[in-house]
Amino acid sequence: MTSPSLTAPDLFKELDGTRFACRRFGRPDGVPLVLLSRFRGTMDDWNPLFVDALAEARPVILFDNAGIGRSEGRTPGTITEMAVTAAAFVAAVADPPVDLLGFSLGGYVAQRLTLGRPELVRRLVLAGTGPGAGEGILPSNPQVAPLRSAPEMDPATLRALFFTRSPAGARAAEEVWHRTHQRPRREPGVPSESWERQIDAIAHWSSADGDGAYDSLERLSLPVLVANGSDDVMIPTVNSFVMSQRLPDAELVIYPDSGHGFLFQYAELFAARVDEFLDRPVHSTAS
């Protein structure tokens, strides 16, 4: 069976003189689901097994923010600036309101986008992410900083950052690496200038006087699905618990023997959970 995400062509949209790259695939009708990617991630770093499963039920839109992949411009140095750009993209191409799924850094952007432009977002999925500095929030494991700044991502680094040390984690890392490297002519890797600015944005988001969403979570009154692996070393799992407790209408799901990359390790299972959440009637309450 042909993978829609692996065959979807690159599309381009010009906003204020800057050209942004995106891909749209899946069902032609329904509320679009826009995916916001992780630190040092491009459209090619989404696991095809995961996004193809999502695309069976709805339109899926992948997007490279400024300076990432084949998108032009300079990568913003704050999450707020990234969110402004992403909001402009959503308003221009996706016929809002849309559903948003933000993974890791993309989850930071999704929160700030929804806070700034609530009319653009119907429902929100926050995967392997956190709300910024606040009571109960923990920083990344010390092993993360040198690994995330490695010149290139390789299978060993992927496993250390995204998966557990168990046999299941090893299998998942190998499978995900294979699946995410099947597309012909993959996008260029994120240049050091761009990911260094992403690090600056993460640091600002995570600082007490930064642009994190911790103190504003009660304003996110829309339905939110918060999800993570049981042992996330990048954005510790406890942060997902704290975030879900502070959101007015949130539910939390944690996947066993998994880390930051749980959504790829449990690709079909998590896609089904996302589908159920997004398709739930408006009048239903979170379970």
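Counting Lys +1, Arg +1, Asp -1, Glu -1, what net charge surrounds residue 94 among other residues with beta carbon under 13 Å of its beta carbon?
+3
Would you mind calculating the relative contact order of region 30-69 from Cα pairs under 8 angstrom and at least 6 residues apart, reporting the percent as a whole number?
On the way: 37 pairs, mean separation 24.1, N = 40.
Relative contact order, region 30-69: 60 percent.
When DSSP beta bridges are limited to those with both residues in the chain, what percentage is antiparallel, rounded to the nearest 5?
On the way: 10 of 33 bridges.
Of all bridge pairs located within the chain, approximately 30 percent are antiparallel.
Highest first, please rank the peptides 68-79, 173-184 by the mean number of other Cβ atoms sitting within 10 Å of their residues.
Values: 68-79: 20.1, 173-184: 15.9.
Descending packing order for the listed peptides: 68-79, 173-184.
State, as an integer percentage, the relative contact order of region 1-156 based on alpha-carbon contacts under 8 Å between residues 6 or more apart.
Values: 264 pairs, mean separation 32.4, N = 156.
Relative contact order here is 21 percent.
Over the chain, consider all pairs of different Cα atoms and compute the Kirkwood hydrodynamic radius from their mean reciprocal separation; express it in Å, one decimal. Please report the intermediate quantities before stating the final value.
On the way: mean 1/r = 0.0537 Å⁻¹.
In the chain this quantity evaluates to 18.6 Å.
Any idea what the dipole of the chain comes to, in debye rounded to 20, about its Cα centre with Lys/Arg Cβ at +1 and Asp/Glu Cβ at -1? The partial results should precede the final answer.
On the way: 27 positive and 36 negative charges, 75 e Å.
That gives a dipole near 360 debye.
Which residues in region 103-118 have a backbone N closer than 19 Å to a point placed 7 Å from the Cα of residue 144 along the Cα-to-Cβ line?
Hits in region 103-118 for residue 144 at 19 Å: 103-112.
Shape call for region 133-209 from the C-alpha gyration tensor, a ≥ b ≥ c root eigenvalues: rounded (a/c under 1.5), prolate (a/b greater than b/c) or oblate? Walk me through the intermediate numbers first.
Values: a/c = 2.58, a/b = 1.36, b/c = 1.89.
Because a/c hits 1.5 or more and a/b fails to exceed b/c, region 133-209 counts as oblate.
For the chain, what does -39500 (n - 2.57) per DSSP helix run (n ≥ 4), summed and divided by total residues, give at 222 nm, in deg cm²/dmol to the nearest 500? Walk me through the numbers before you get to the answer.
Details: 11 runs with 107 residues, N = 287.
Mean residue ellipticity at 222 nm (helix-derived): -11000 deg cm²/dmol.
With a sphere of radius 14 Å drawn around the Cβ of residue 210, what net charge do the other residues whose Cβ falls strictly inside it have (Lys, Arg +1; Asp, Glu -1)? Before the final figure, lay out each step's value.
Values: positive: 112; negative: 81, 200, 209, 211, 215.
Net local charge, residue 210 excluded: -4.
Using a simple charge model, +1 on the beta-carbon of Lys and Arg, -1 on the beta-carbon of Asp and Glu, nothing else, what dipole does region 1-119 show about its Cα centre, in debye to the nearest 20? Mind dumping the intermediate values first?
Details: 12 positive and 14 negative charges, 37 e Å.
Here region 1-119 has a charge dipole of around 180 debye.
Which net charge results when you count Lys and Arg as +1 and Asp and Glu as -1 among the other residues whose beta-carbon is under 9 Å from that of residue 61? Before the final figure, lay out each step's value.
Working: positive: 23, 24; negative: none.
So the environment of residue 61 carries a net charge of +2.
How high is the relative contact order of the chain? Use alpha-carbon pairs under 8 Å, at least six apart in sequence, and give a whole percent.
On the way: 593 pairs, mean separation 61.2, N = 287.
RCO, the chain: 21 percent.
Would you work out what percent of the accessible area of the chain, with all protein chains in place, is carbon or sulfur (probe 1.4 Å)? It would help to have the intermediate numbers written out before the result.
On the way: 6320 of 12030 Å².
Whole-percent figure for carbon plus sulfur exposure: 53.
Gap in Å between the Cα centre of region 33-81 and the Cα centre of region 208-287?
Taking the Cα centre of each part, region 208-287 and region 33-81 sit 18 Å apart.
The values are calculated or read from the model by the stated rules, or taken from the named source; none is laboratory data. Values in this document were obtained by computation on a predicted structure and should not be read as measured data. In this analysis, Cβ positions are derived from the backbone assuming ideal geometry, glycine residues included, and neighbour counts consider all displayed protein chains. Side chains are part of the model used for accessible areas, which takes the heavy atoms of the whole protein and leaves out ligands, DNA and RNA. Shrake-Rupley method; radii C 1.70, N 1.55, O 1.52, S 1.80 Å.
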